[in-house]
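Working notes, beginning with the structure itself.
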Amino acid sequence: MSTVAAVVVTYNRKDKLTTVLDHVLAQTRRPEWVVVVDNASTDGTDQVLKEYEQIDGVVVVRLKENTGGAGGFATGMNKSYELGADFIWIMDDDCYANPDALEELINGHAKAEEAMGMQLPYACSLVKWVDGNICEMNNPGTTWDWGKLIAKGQENVLVTHCSFVSVLFPRWALTKFGLPLTEYFIWFDDQEYTLRITKAGPGVQVLRSVVVHDLGVNRGVNFGDANASNLWKFEYGARNESSFRLHHENPVSWLKFLARLVQGLRHGNVPWSIRAKLFRKVVEGIAFNPKPKMPRSVL
């Protein structure tokens, strides 16, 4: 039987983290390992994790500094690769998986591969918000023939990219395409990675695999929401997407991104001082082009 390592990246969310881990450990198809990457939390998370470390299969990786979601997932995925996992299931520290979420991901991925006659680089869950509605931040991008598997009687949708909220990667995808870009720190690291690995074929969203994303507000990412308190996140977003659209797509795609950014800022009536900072980050993205690192195995 294939082995699975679940990866949870956390930073200062000890209360939600316990719920996340309890859901992972209660899966109908329990993972062989649960790798928790603590991004240098300062809220007592370490004490919570010491209790979970007593559970067989739980592995805690403590980082000395906060490396963001991108660095945390790269670290956790690499650790899972070192452990020899055949599949790596990743999620945030506010993602509550239904009891059969992993089992359905594995089964859905296998059925999709059989129907497609090819290896598929990842499978992602259907992400709901706490009220049962779809989580707007976590809708994957779909292929032009997204309903191909539905036409074959499956509850699976073909996708081009997804967020890092309950995604299952086969080991070979890491071997071939490497790890997420740690330099992105936060924002667009998930899109970059899943778009990168779909060079091998589409991903699949398994509709029978359901998780709940416990966000404060059910709203997708919009540059019109940028303000002084959250500007640091939007700066990463502007730089990272600028880099990706220019270096991994083409100048036309970059210009379309720039137009979308301008429109979002105008519709949100974002202050000009904040717009100027975001435009500087777009320019910074022109020279910013990090390269993926490959996972290592100690087996």
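The values are calculated or read from the model by the stated rules, or taken from the named source; none is laboratory data. These figures come from a predicted structure and were not determined experimentally. Cβ: placed from backbone, ideal geometry, glycine included. Neighbour counts: every protein chain shown. The accessibility values were calculated without ligands, DNA or RNA, using every heavy atom of the protein model including side chains. Shrake-Rupley method; radii C 1.70, N 1.55, O 1.52, S 1.80 Å.
Looking at the chain as a GNM with Cα springs under 10 Å, which of MET91, MET77, MET116 has the largest mean-square fluctuation? Result for the chain, Cα springs under 10 Å: MET116 fluctuates most.
For every helix of n ≥ 4 consecutive DSSP H residues, a contribution of -39,500 (n - 2.57) applies; sum these over the chain, divide by its total residues, and give [θ] at 222 nm rounded to the nearest 500 deg cm²/dmol. Before the final figure, lay out the partial values.
Details: 10 runs with 119 residues, N = 299.
When only DSSP H runs of four or more count, the value is -12500 deg cm²/dmol.
When the Gaussian network model of the chain links Cα atoms closer than 10 Å, the mean-square fluctuations of ARG29, ARG171, ARG219 top out at ARG219.
Where the convex hull is taken over the Cα atoms of the stretch 223-287, what is its projected area averaged over directions, in nm²?
On the way: hull surface 14.7 nm².
Projected area, direction-averaged: 3.7 nm².
Taking Cα centroids, how far is the stretch 94-156 from the stretch 2-18 in Å? Result: 20 Å between the Cα centres.
With N counted as the residues of the chain, its alpha-carbon radius of gyration over 2.2 N^0.38 Å works out to 0.98.
In this simple spin-label approximation, THR175 and ASP56 carry label points 7 Å from Cα along the Cα→Cβ vector, and these lie 2.8 nm apart.
Other residues whose C-beta falls under 14 angstrom from the C-beta of GLU114 contribute a net charge of +2, scoring Lys and Arg +1 and Asp and Glu -1. State the percent of C-alpha pairs, over all pairs in the stretch 172-218, separated by a distance greater than 18 angstrom. Counting every Cα pair in the stretch 172-218, those more than 18 Å apart make up 49 percent. Karplus-derived 3J(HN,Hα) values for the stretch 201-215, using 6.51 cos²θ - 1.76 cosθ + 1.60 with θ = phi - 60°, are x, x, x, 9, 8, 8, 5, 7, 9, 10, 10, 10, 9, 8, 7 Hz; glycine and proline are entered as x. 3J(HN,Hα) couplings calculated from phi for the stretch 220-226 with the Karplus curve 6.51 cos²θ - 1.76 cosθ + 1.60 (θ = phi - 60°) are, in sequence order, x, 6, 8, 4, x, 8, 5 Hz; Gly and Pro show x.
In this view, the solvent-accessible surface of PHE288, computed with a 1.4 Å probe and all protein chains in place, comes to about 40 Å². A simple spin-label model places the labels of SER273 and GLU249 3.2 nm from each other, with each point 7 Å out along Cα-to-Cβ.
Would you please give the FRET efficiency between GLU114 and MET137, computed as 1/(1 + (r/R0)^6) with r the Cβ-Cβ distance and R0 = 25 Å, to the nearest 0.05? Before the final figure, lay out each step's value.
Values: r = 31 Å, r/R0 = 1.25.
In this case the efficiency is close to 0.20.
Structure remark: mean-square fluctuation, Gaussian network model of the chain, C-alpha springs under 10 Å; the largest value among SER166, SER125, SER41 belongs to SER41. For the chain, the solvent-accessible area works out to 45 Å² per residue, with a probe of 1.4 Å and every protein chain left in place. When a 1.4 Å probe is rolled over the protein heavy atoms, the share of accessible surface on the stretch 72-162 that falls to carbon and sulfur comes to 49 percent. In this view, the solvent-accessible surface of VAL283, computed with a 1.4 Å probe and all protein chains in place, comes to about 90 Å².
Here the dipole of the chain is about 1140 debye; that uses its Cα centre as origin and unit charges on the Cβ of Lys and Arg (positive) and Asp and Glu (negative). Here ARG280 and MET1 are evaluated by their C-beta separation; at R0 = 35 Å the FRET efficiency comes out at 0.10. Only lysine pairs 8 or more places apart or on separate chains count here, and in the stretch 199-299 those with Cα atoms under 26 Å apart total 14. Note: relative contact order over the stretch 223-287, using C-alpha pairs below 8 Å and six or more positions apart, is 56 percent.
Give the residue list of trypsin sites (Lys or Arg not before Pro) in the stretch 100-170 that are DSSP loop and have at most 15 other beta-carbon atoms within 10 angstrom. Don't skip to the answer; put the middle values down first.
Values: sites: LYS111, LYS128, LYS148, LYS152; in loops: LYS152.
Passing both the DSSP loop test and the Cβ count: LYS152.
The GluC sites (Glu not before Pro) found in the stretch 93-162 that occupy coil by DSSP, while having at most 16 further C-beta atoms within 10 Å, are GLU155.
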